[in-house]
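Input: a single structure, listed below in C-alpha cells.
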C-alpha cells in the first residue's frame with residue numbers, strides 16, 4: 001500500500017478527569033454523558049487535583065472508579081453530610097456529590113435540604129431518571145403519576161403513593177442556594193446546556209456563592225423497558241412536561257461571570 | 001497546671017480541644033448538650049471547625065467525611081442519638097477511619113429519660129451497627145479520667161485507624177469536680193497515606209466501605225479482626241482497688257464502679273475482704289486480668305446501671321468457676337452505696353449455688369423488694 005501521510009487532528013478524547021476504565025452502566029444510559037460533562041468541566045477549570053468527590057448509593061455507586069481524582073463513598077442519602085464534613089475542614093478544595101433521585105430525593109432528602117439551607121459550598125450533580133435503577137427499577141420519589149415500575153406494577157397511584165417531588169424547584173426556595181437548575185440529557189442541544197450549567201455550578205462553589213445543584217433528566221432504558229432512542233424520546237415527551245428545564249435559582253453574581 | 005472545677009461535659013470538650021481537635025460536628029441532646037454548646041464558642045475562637053448538624057445522622061456523616069481528609073474529628077451524643085449514629089459508625093469502621101465519639105448515656109429504651117444509665121453497653125461494646133467491627137471503648141469514672149481518656153483517644157484512634165468511643169453517663173456529664181487539664185495542642189491535620197485531601201502530586205485515592213467482591217470483603221474483615229487482636233494485646237486498661245488480699249470483688253465500670261467503691265470501703269470497714277475491679281477499657285475488655293483475679297476469689301458481684309449487659313461478659317470470662325451475683329438499677333436510677341453494701345453482705349453470708357443465672361436471682365430479689 002502506498003504510504004499516505006496525513007496530519008492528525010484530535011477531535012475527541014477522554015477527559016483527563018475520567019479514569020481509563022470501562023463503566024458498568026447499561027447501554028443507552030445517560031450517566032456516561034453526565035460523567036463526561038463533569039470531567040470536561042473539571043479539566044477546563046484545572047481543578048482535578050483540587051477535587052474531592054463524594055459518591056452515593058445507587059447506579060452511580062462506582063463513580064469513584066470512573067473519575068480520576070480523590071473520592072469517598074457515602075452511605076445511602078448521606079453524601080451531602082459527608083461532603084459538608086470534607087468541605088468544612090478543606091474549605092479551599094472543591095467538593096462535589098454525584099447522586100441519583102432515590103438517594104437524594106428519598107432517603108437523603110433531609111441531608112440535601114439541610115446542606116442547601118446552610119448554603120454549604122458544595123456542588124451536587126443530581127441525576128433524575130424517575131426510578132431506582134440499581135435495585136432493578138422500583139418506584140422513586142420522582143416516578144411520574146401512572147408510571148409503571150417494579151414496585152408500582154399498575155402505574156404510580158397518586159392516591160396511595162402521593163406525588164413526585166420537583167427537587168430543583170423545592171431547593172431553590174432556600175436562601176442558602178446559590179445556583180439550582182434543571183437540565184436534560186436527551187439531545188445534543190440540551191447536553192450543551194447541561195455542560196454550561198455544570199460549569200456554573202462549580203463556578204458558584206469557586207466564588208463562594210453557596211450551594212449549587214444541577215438536576216439532570218436522565219434515561220434508564222433497561223428498567224423503563226425501552227430502547228435507548230425510545231428512552232430519550234420519553235424524557236422529552238413525559239419527563240420534561242412534569243420536570244421543566246429551567247433556572248430556579250441563580251445568584252446575580254453568576255451573571256457577571258465571564259467564562 | 002492547677003486544678004479547676006469543671007462540669008464533665010465541658011471537661012471532655014476542652015480535653016478534646018487540647019488534644020488538637022480540628023473539627024466537631026454534633027446535635028443537641030440531653031444530658032450531653034453542654035459539650036456541644038461549649039465547643040460552639042470554643043472552636044471558632046481558635047479558628048477551628050464547629051458545626052451543629054441537622055440530626056445525629058448528619059453529624060456522624062459529617063464526621064465521616066471530615067475524618068477522610070486526615071483531620072482530628074469528634075462527635076458526641078446521648079443514647080437515642082447514638083442509636084441514630086449506628087449506620088455511620090458501621091461505615092466509619094468499614095472504611096477504617098480514626099474517629100472519636102462521646103456517648104453520654106441516659107435512661108432507655110426509646111425516648112426513656114435524661115437521667116444517667118449504662119444501657120448502651122451492648123450497643124457500643126458489642127456493636128449496634130451491622131457487620132463485624134470493634135470500636136475501642138473507654139469508660140471514665142470521674143472527670144479527671146474523662147479528660148485523660150479523651151485526650152489520649154485521638155492518638156489511639158489514629159494509631160489503629162479505629163473508632164474510639166468515650167462511654168460516659170449523664171451523671172458524669174453533669175457533675176462538677178476539680179480536675180487538671182492537659183497541655184494545649186494546635187488543631188491537627190494529618191496527611192497519612194490513605195487520606196483524601198486532593199490528589200495533587202500523587203495518584204487518586206478512594207475511601208470506601210464497599211467491597212463488592214466477597215473475597216475482598218473477607219480480606220478486609222480479616223484485617224479488622226487481626227488489628228483487633230493487636231488492640232486486645234496492647235490497649236487494655238483497668239483499675240484495681242483493695243484486691244491484694246481480697247476474697248471477694250465487685251466488678252463495675254464508670255459511675256457504677258465509682259459508687260461501688262464506696263460500698264467496698266464500707267464493707268472493708270466491717271472486716272469483709274473485698275475489693276473493686278473496674279474495667280476502664282470495655283473494649284478491649286481486661287479479660288485475662290479478670291479471669292486471673294477470679295481464680296483466687298470466693299465470689300464476684302457485678303454492679304451496673306442496666307439489666308446486666310456487662311454481666312454476660314463477666315460470666316463468659318470467669319467461665320462460671322466461682323459464684324457471680326448481679327445488682328443493677330435501670331431507667332436512670334443510680335445504685336446507692338448502701339444498696340450495694342447489702343448485696344455484698346448477701347454475697348458473703350448467703351452464697352447461692354453456682355447454677356442458675358445471676359440475673360434471675362437479682363430479679364427475684366428485686367421483685368420481692370418492689
- Query: So for the pair residue B:366, residue B:132, with labels modelled 7 Å out along Cα→Cβ, what separation do we get in nm?
  - Reply: 3.4
- Query: How much of the DSSP beta bridge set in chain A is antiparallel, as a percent to the nearest 5?
  - Reply: 20
- Message: With bins 5 Å wide starting at 0, give me the P(r) of segment B:1-68 over every alpha carbon pair, in whole percents.
- Response: 4, 17, 26, 26, 18, 5, 3, 1
- Highest mean first, what order results for A:108-118, B:327-337 on Cβ atoms within 10 Å? A:108-118, B:327-337
- Task: Among B:279, B:140, B:109, determine the one that fluctuates most according to a GNM of chain B built with springs between C-alpha atoms less than 10 Å apart.
- Result: B:109
- residue B:240 to residue B:5: extension gain in nm, 0.36 nm per residue of separation minus the Cα-Cα distance? 82.0 nm
- Message: Calculate the FRET efficiency for residue B:41 and residue B:265 from the Cβ-Cβ distance with a Förster distance of 41 Å, rounded to the nearest 0.05.
- Response: 0.55
- Would you compute, from DSSP H runs of 4+ residues alone, the mean residue ellipticity of chain A at 222 nm, taking -39500 (n - 2.57) per run and dividing by the full residue count, rounded to the nearest 500? -9000 deg cm²/dmol
- Note on the structure: Each label sits 7 Å from Cα toward the beta-carbon; between residue B:352 and residue B:213 the label points are separated, in nm, by 5.4
- Note on the structure: Output ordering of B:163-172, B:35-44, A:216-225, A:158-167 (per-residue mean of other Cβ within 10 Å, highest first) is B:163-172, A:216-225, B:35-44, A:158-167
- Task: For peptide B:47-54, compute the average count of partner chain beta-carbon atoms within 10 Å of each residue's beta-carbon.
- Result: 4
- How do B:259-272, A:121-134, B:79-92 rank on mean C-beta neighbours within 10 Å, highest first? A:121-134, B:79-92, B:259-272
- Item | Within chain B, percent of DSSP bridges classed antiparallel, to nearest 5 | 25
- Query: Which residue, B:113, B:142, B:234, tops the fluctuation ranking in a GNM of chain B built on C-alpha contacts under 10 Å?
  - Reply: B:234
- Note on the structure: One would report the antiparallel percent of DSSP beta bridges in the protein assembly as shown, rounded to the nearest 5, as 25
- Note on the structure: Under a Gaussian network model of chain A whose springs join Cα atoms within less than 10 Å, the largest fluctuation of A:241, A:80, A:15 belongs to A:241
- Note on the structure: Within 10 Å of the Cβ of an average residue in B:194-204, the count of other chain Cβ atoms is 6
- Normalised alpha carbon radius of gyration of the protein assembly as shown [divisor 2.2 N^0.38 Å]: 1.12
- Can you give the angle from 0 to 90° between the axis of helix B:33-45 and the longest principal axis of chain B, with both taken from C-alpha atoms, to the nearest 10? 30
- Item | Evaluated over segment A:31-256, the Cα radius of gyration and Dmax, each in Å | 16.3, 49
- Query: Okay, helix-only estimate at 222 nm for chain B: each DSSP H run of n ≥ 4 adds -39500 (n - 2.57), divide by all residues, round to 500 deg cm²/dmol; what do you get?
  - Reply: -13500 deg cm²/dmol
- Relative compactness, segment B:240-369, computed as alpha-carbon Rg over 2.2 N^0.38 Å: 0.94
- Mean projected area, convex hull of alpha-carbon positions in chain B, reported to one decimal in nm², is 19.8
- Query: Alpha carbon centre of segment A:74-114 versus segment B:1-18: separation in Å?
  - Reply: 33
- Exposure-ranked with fewest Cβ neighbours within 10 Å first, A:199, A:14 stand as A:14, A:199
- Task: Would you order A:43, B:245 from fewest to most other beta-carbon atoms within 10 Å of each residue's own beta-carbon?
- Result: B:245, A:43
- Note on the structure: Helix B:8-18: inclination vs chain B longest Cα principal axis, degrees, rounded to 10, gives 40
- Item | Principal-axis tilt of helix B:86-95 within chain B, Cα atoms, nearest 10 degrees | 60
- Task: Report the paramagnetic label zone for residue A:65: residues of segment A:23-38 whose backbone N is under 18 Å from a point 7 Å from Cα along the Cα-to-Cβ axis.
- Result: A:23-36
- Query: Averaged across the residues of A:64-77, what count of C-beta atoms belonging to other chains lies within 10 Å of each residue's C-beta?
  - Reply: 6
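Laboratory data are not the source of any read-out in this text; all were calculated from the coordinates shown. Nothing here was measured: the structure is a model prediction, and the numbers come from that model. Using ideal geometry, Cβ is built from the backbone for each residue, glycine included, and neighbour counts are taken over all protein chains shown.
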